[in-house]
Amino acid sequence: MVVREKELERMKGKVIVSGILWMCLVCLSLAWNLYSAQKEHETIALLTARSFFDQVLIARRWNAELGGVYVPIGRKVTPNPYLKDPLRDITINETLTLTKVNPAFMTRQIAEIAAEEKGLKFHITSLNPIRPENVPSPREEVALRSFESGTKEVGYFLSDEDSAPFFYMAPLQTEKGCLKCHADQGYKEGDIRGGISVTLPYLASFSSLSLIVGHLLVGLVGLAAILNFGIKLHRAYNRILHQAVIDALTEIPNRRSFSETIMRELDRCQRENFSLAVIMCDVDNFKAYNDTYGHAKGDDCLVQVAQVLKNSLHRSTDFCARYGGEEFVVILPNTSKKGGLHVAERIRREVENLKVVHEESLPLGFVSMSFGVSIREIDALTAHEQLIKQADAALYLAKKNGRNRVEVFAERMIA
C-alpha cells in the first residue's frame, strides 16, 4: 500500500512538473514574441525614417546637379547670407527678384514645412558648419563622430523624451556638385561633411496586451489539458491498482493484497512485540450450493458473506480478504487467542443469521461457514506461511468436526 501511495505521489509530482514546464514554455514564447514585436516596431520606424532621409537626399542631389535653383524672394524665402555666389540674386524687373537656393538652404525649407504640417523634424548639421543654426546637438554630434568611424546610420527611440519619438541620422557625403560651396572648407569628393537627422513624431507602439492575453489563454488552456490528462491518468492508475488488489466480485481485498498485508503486519508485530491472529474461513458445502442454485446465486452468496466479514471488523487495523473461491481470510493485529476466537464466532453467527437458504447444508438448511484460528504469540518468530498453514489446519478440523464451527490451532493438528 505504501508503494502504491508513493507511485501516486510520484505521478502527481510529474503532472505538476509538466504544468510548470508548460507555463515556463508559454512565458518564454511570450517573452520572445514581445521581443520580436518590439524589434519589428523598431525596424518599421527605421525604414520610415530612412525613406524620408532618402527623399531629402534625392531632392538635394537634384538641386546640386542643377547648380542651385532660383526662386522669387518673398516672405518665406530671403537671400542666403552664407552663400558666396556673385550671381546669388538676379533682378528680373521692378517687382521680381530671384535668389539662388542651394541644397542646404532647400533642406532647411523642406524641414520647416515638414515640421509645420507633419510634426516631422529634419536638421542638416556638421562638425564644421558654415551656418550657426547647423551646429549639432549632443545626440547629433555623437552620431557624426560615429560616421567618421565607419558607421552607416543610427536609429533608436528617444525613451528619455515624452511620447518616445524615433531619432534617425545618416551621413552626407561630399559630391561633385557640393564642392562649389564647400571646397574652401577642405572637403574632397567622397568625404563625409555632415549629416541629416530625421526625428519622427510618436509612432503608435505595438499592442503588447493582445500578446499577453493570447499567451495567457493558451497557457491556461494547455494547463487545463495537462491537469485533465493528469486527473484521468490518476483515475486510470487508481483503477488498475484497485483491480490489482481488490477482488472484482466481492469488492474486498484479494489474495495478493492479503500476502502484502500479512508480511507487513508480521514485521510490525515483531518490532512492537504484540500478538497477531489469522482466521481462515470457508463457506460450507459451497459446491453443492452452486450445483443446486446456479453460479449466479453462488456469486450473490459470496458477496453477502464478504460484506458480513467486512462489517464484522471494527478496528482500522483489522483486515479481511478473499483467499480464493469460497475461502476467506482475516488478519487481526494485536489480538490474543481469546480475541481471535471471539471475532470468528461473531462472524459465524452473522453469516448464519443471513438465513441464505441452502437445502443441501444439513442439518442447518442455511448457508454457514467454518473457521480456523492461528495465533502468533508475543516473542514468537512465526513466518506468515506457518501462520497460514496453522489456520488452514484448524479450518480442516472445523470441517471434519461437522462444519459451522470455529477451531483454534493446536500443535497436535500438524503432528
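Residues with amide H under 5 Å of L172's amide H, sequence separation 5 or more or different chain, H placed in the peptide plane at 1.01 Å from N; which?
Residues meeting the criterion, in which the H sits 1.01 Å from N, are R193, G194, G195, I196.
Where does segment 1-127 land on Rg(C-alpha)/(2.2 N^0.38 Å)?
Expressed relative to 2.2 N^0.38 Å, the Cα Rg reads 2.33.
Quick one: compute a quarter of the convex hull surface over the Cα atoms of segment 77-161 and quote it in nm².
Answer in nm², one decimal: 8.0.
Using Stokes-Einstein with the Kirkwood hydrodynamic radius over Cα pairs, what translational diffusion coefficient do you get for segment 255-413 at 20 °C and a viscosity of 1.002 mPa s, in µm²/s rounded to a whole number?
136 µm²/s
Give the Kirkwood hydrodynamic radius (Å, one decimal) of the chain, defined as one over the mean of 1/r across all pairs of different Cα atoms.
Computed over the chain, the radius equals 31.0 Å.
Identify the GluC sites (Glu not before Pro) of segment 92-156 meeting these criteria: DSSP loop state and at most 16 other C-beta atoms within 10 Å of the C-beta.
E94, E153
Identify the trypsin sites (Lys or Arg not before Pro) of segment 335-415 meeting these criteria: DSSP loop state and at most 12 other C-beta atoms within 10 Å of the C-beta.
Of the trypsin sites (Lys or Arg not before Pro), the ones in loops of segment 335-415 whose Cβ has at most 12 other Cβ atoms within 10 Å are K355.
For segment 255-413, calculate the relative contact order in percent as a whole number, restricting contacts to Cα pairs under 8 Å that are 6 or more residues apart.
30 percent.
Taking +1 at the Cβ of each Lys and Arg and -1 at the Cβ of each Asp and Glu, which of A164, L362, N102 sits farthest along the dipole of the chain towards its positive end, judged by Cα position relative to the Cα centre?
L362
Once you keep just the Cα pairs under 8 angstrom separated by 6 or more residues, what percentage relative contact order results for the chain?
Reported relative contact order: 12 percent.
Kindly provide the helix-only [θ] at 222 nm of the chain, computed as the sum of -39,500 (n - 2.57) over DSSP H runs of four or more divided by all residues, to the nearest 500 deg cm²/dmol?
-17500 deg cm²/dmol
Need one word for segment 200-331: rounded, prolate or oblate. Basis is the Cα gyration tensor (sqrt eigenvalues a ≥ b ≥ c); a/c below 1.5 gives rounded, then a/b vs b/c decides.
Here segment 200-331 falls in the prolate category.
The numbers here are math on the coordinates, done by the rules we state, and not lab data. Model, not experiment: these values are computed from the prediction. Methodologically, a virtual Cβ is constructed for each residue, glycine included, from the backbone with ideal geometry; neighbour enumeration extends over all protein chains shown.
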